[in-house]
Amino acid sequence: MTTFAGLLGQEQAIELLSQAIEQNRVAPAYLFTGAAGIGRSLAAERFIELLFSTRTRDVTTLRHRIQQRNHPDLLWVEPTYLHQGKRLSASEAAAQGLKRKSAPQIRLEQIREISQFLGRPPLEAVRSIVVLEQAETMAEPAANGLLKTLEEPGQATLILIAPSGEALLPTLVSRCQRIPFQRLTPENLAHVLQATGHGEILNHADVLAVAQGSPGSAIVHFNQLQAIPPDLLQSLAHPPRTTRAALELARQIDKTLDTEAQLWLIDYLQQTYWKLAPCLSSALLLQCLEKARQALLSYVQPRLVWEVTLMAIGSDR
């Protein structure tokens, strides 16, 4: 369908969603799986446009309303931070210049709001739609609360977006029709970056290597790279040689970067240090950095995480 024009490299997903519309067999719940930044959210927008377009002829206005998340029959749920008792999305937190000490998550209160939203019939469309971005960030109470909604969604369809089925509770996955999304080929990746005005990224091989076929990730990595102080990046070009150097680096990272930037830094260091494989134990390297990622996501004190990680990596040289 022409509605999906611009969604490159996702032929299987487009076929599955198009067939659901054409055969009038729209599932109560979908799980869009795949890496971040490869078109899952765009596909959700286009799918919703098809579902809603039967009630309107003004497709341009409809698309704009979906993109702006202001259609009365659409609830788009994103992970949030808590700041002074108020929930903030990642974009809202960034706009306020907040240094985020923990990763965002979909909270139980947001799941309750989904139940309230679905408690009324759709106002303009034939069904209500709920999208949960980064559904893997749900804590277990929120996931269990969503399970009750998935069992009886009513006149609605839910779309969960996550990197994989393994990132969610099996009971949630079992109630969703899975729609797989693939990483883009180098040609499609280049086309998307050029089309979105980010062609300069194609000159940064390190960024493309970290992105691994994801235009969205390439843009995020490039922006993060520009935002991190050059002296800090220079200090991290090689693992620290001494305990003192590791402790000082950990202090700088904790002082300079918020949690989101620190999680990005782990991806960057995995790629950077991987090139030093002849000098490092690759298995230990990946293990240390993955442990650091999980510790940060579990709200362990960041400075301590980096002290332990950098000393462990440096000791293996």
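Name the residues of segment 51-67 whose amide N is less than 12 Å from a point 7 angstrom out from the Cα of SER91 along the C-beta direction? Label zone hits: 66-67. Measure nothing but the geometry: give the 0 to 90° angle between the long axis through the Cα atoms of 259-274 and the longest principal axis through the Cα atoms of the chain, rounded to 10°. Around 60 degrees separate the two axes. From least to most packed, judged by other beta carbons within 10 angstrom and beginning with the fewest, VAL26, VAL77 follow the order VAL26, VAL77. The magnitude of the dipole of the chain, with charges of +1 and -1 set on the Cβ of Lys/Arg and Asp/Glu and taken from the Cα centre, is near 500 debye.
Ranked by how many other Cβ atoms sit within 10 Å of their own Cβ, fewest first, the residues SER115, SER41 fall in the order SER115, SER41.
Exposure proxy shown here: for MET138, MET311, the number of other Cβ atoms within 10 Å sets the order, fewest to most, as MET311, MET138.
The long axis of helix 40-52 is offset from the longest Cα principal axis of the chain by roughly 10 degrees.
Taking the average, over residues, of other Cβ atoms within 10 Å as the packing measure, peptides 14-21, 242-249 rank 14-21, 242-249 from highest down.
When mean projected area of the Cα convex hull in nm² is calculated directly from the model, which label among (1) 18.0; (2) 15.6; (3) 17.2 fits? So the calculated entry is the one marked (3). Which shape class applies to segment 105-184: rounded if a/c is under 1.5, otherwise prolate when a/b exceeds b/c and oblate if not, where a ≥ b ≥ c are the square roots of the Cα gyration tensor eigenvalues? Since a/c reaches 1.5 but b/c is at least a/b, the shape of segment 105-184 is classed as oblate. Restricting attention to the chain, close to 20% of DSSP beta bridges with both partner residues there are antiparallel. Lysine pair count for the chain (Cα-Cα distance under 22 Å; residues 8 or more apart in sequence or on different chains): 7. Reported to the nearest whole Å, the Cα centre-to-centre distance from segment 41-76 to segment 3-26 is 15. Which of rounded, prolate, oblate describes segment 41-180, given a ≥ b ≥ c as roots of the alpha-carbon gyration tensor eigenvalues and a/c under 1.5 marking rounded, otherwise prolate only if a/b is larger than b/c? It is oblate, given that a/c is not under 1.5 and a/b is not larger than b/c. Based on Cα contacts under 8 Å between residues 6+ apart, the chain shows a relative contact order of 21 percent. Between the beta carbons of GLN84 and GLN226, assuming R0 = 25 Å, the FRET efficiency works out to 0.25 to the nearest 0.05. Of the residues THR243, ASN223, LEU289, the one whose Cα sits farthest toward the positive end of the charge dipole of segment 206-292, with +1 on the Cβ of Lys and Arg and -1 on the Cβ of Asp and Glu, is THR243. Based on Cα contacts under 8 Å between residues 6+ apart, segment 2-180 shows a relative contact order of 33 percent.
The numbers here are math on the coordinates, done by the rules we state, and not lab data. These numbers were taken from a predicted model, which means no experiment stands behind them. Here Cβ is always computed from backbone atoms with ideal geometry, including for glycine, and neighbour counts include all displayed protein chains.
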